[in-house]
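> Sharing a structure below in structure tokens format, with a few things to ask.
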Amino acid sequence: MTTILVPAVRGFDPLGISGRSLPVQAALLLFGTGVLALASQISVPMVPVPITMQTFAITMIGVLYGWRLGALTVLAWLGEAIMGLPVLAGGSGGLASFVGPTAGYLVSFPIIAALAGYLAEQGCTGERVVKSFLAHLSANMLCLAIGGAWLGYLIGAEKGLALGVTPFVLGAVLKSALAAALLLALARRQTSKLDL
């Protein structure tokens, strides 16, 4: 059997990724970068940072793929952006995105995918809906902290907080609740299949 990227022992593994071959995992990685590119286009334009579904997709990929493959998928997507592919919010890409106002958020993305995936592997997902919500919210708040810190460095701490953190807190709560609800439904569906 081909070597796999993720360990064979995992708790929550609804896609069965832990037992998949390397080529299948590579295909899932590419599929994940496409999902991230699509989620980036679902946005509400704001200045200097738009509201997107990126963080929702990133934490979900971390949970569904596991922390290793989830983080690798996000890194591959960011690599596509660095090469100039239009995979970020508003169809942007290129090196400028990694030094401008959104750079801190971009840097945080693989970290929050890994965090969400790690917490899911520790049991913070599925039927444990409150823990799942808190895991996603923790990842989202870490993203806001890193992104807001970079923005604060560029435009001042007060403005960075006002423009790069505060407007996104409610969205982080709602995205975390949606993720927890979807993962609960997925866990129940998986359990009902096992009972058959």
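> Six or more apart or on different chains, Cβ atoms under 9 Å: show the pairs whose first residue is in the range 9-20 and over 11 Å from T125 (Cα atoms) and whose second is among the polar types (S, T, N, Q) and modelled with pLDDT of 80 or more.
I17/Q25
> With the condition kept exactly as written, say whether any residue in the range 38-51 is in contact with a helix residue (DSSP H, G or I) (Cβ under 8 Å, 6 or more places away or on another chain), open to solvent by 20 Å² or more (accessible area, probe 1.4 Å), of a type in the set (S, T, N, Q) and not in a strand (DSSP E or B).
Scanning the range 38-51, I find at least one residue that is in contact with a helix residue (DSSP H, G or I) (Cβ under 8 Å, 6 or more places away or on another chain), open to solvent by 20 Å² or more (accessible area, probe 1.4 Å), of a type in the set (S, T, N, Q) and not in a strand (DSSP E or B), so the answer is yes.
> Are there any pairs with C-beta distances below 8 angstrom linking a residue in the range 168-182 that is surrounded by fewer than 21 Cβ atoms within 10 Å (Cβ to Cβ) to a residue that is outside any helix (DSSP H, G or I), with the two at least 6 apart or on different chains, and if so which?
G171/I51
> Pairs only if they're at least six apart or on different chains, beta carbon under 8 angstrom, first in the range 77-105 and among the acidic types (D, E), second open to solvent by 40 Å² or more (accessible area, probe 1.4 Å); list them, first residue then second.
Note: no pairs meet the criteria.
> Of the numbered conditions (1) in contact (Cβ under 8 Å) with a residue 12 or more places away in the chain; (2) open to solvent by 80 Å² or more (accessible area, probe 1.4 Å); (3) touching a helix residue (DSSP H, G or I) at 6+ places or on another chain (Cβ under 9 Å), R188 satisfies every one except a single condition; which is it?
Just one mismatch for R188, condition (3).
> Would you say R10 is crowded, with 18+ Cβ neighbours inside 10 Å and modelled with pLDDT under 95? Steps first, please.
Values: crowded, with 18+ Cβ neighbours inside 10 Å: no; modelled with pLDDT under 95: yes.
It is false that R10 is crowded, with 18+ Cβ neighbours inside 10 Å and modelled with pLDDT under 95.
> Has the range 112-124 got any residue that is in contact with a Leu (Cβ under 9 Å, 6 or more places away or on another chain), modelled with pLDDT under 95 and β-branched (V, I, T)?
There is no residue in the range 112-124 that is in contact with a Leu (Cβ under 9 Å, 6 or more places away or on another chain), modelled with pLDDT under 95 and β-branched (V, I, T).
> From the list A139, A135, A172, A113, exactly one residue is under 14 Å from the mean Cα position of the chain (by Cα) and closer than 13 Å to F12 by Cβ. Which is it?
A135
> Still on this structure, I have one more. Do we have A81 as closer than 19 Å to G171 by Cβ and either of a type in the set (G, A, S) or in contact with an Asp or Glu (Cβ under 7 Å, 6 or more places away or on another chain) (or both) here?
When the stated conditions are applied, A81 does not pass them.
The values are calculated or read from the model by the stated rules, or taken from the named source; none is laboratory data. For clarity, every value in this text was computed on a predicted model and none was experimentally measured. No Cβ is skipped: glycine too gets one built from the backbone with ideal geometry, and neighbour counts run over all protein chains shown. When the accessible area is computed, the model is the full protein with side chains, heavy atoms only, and any ligands, DNA or RNA have been set aside. Shrake-Rupley method; radii C 1.70, N 1.55, O 1.52, S 1.80 Å.
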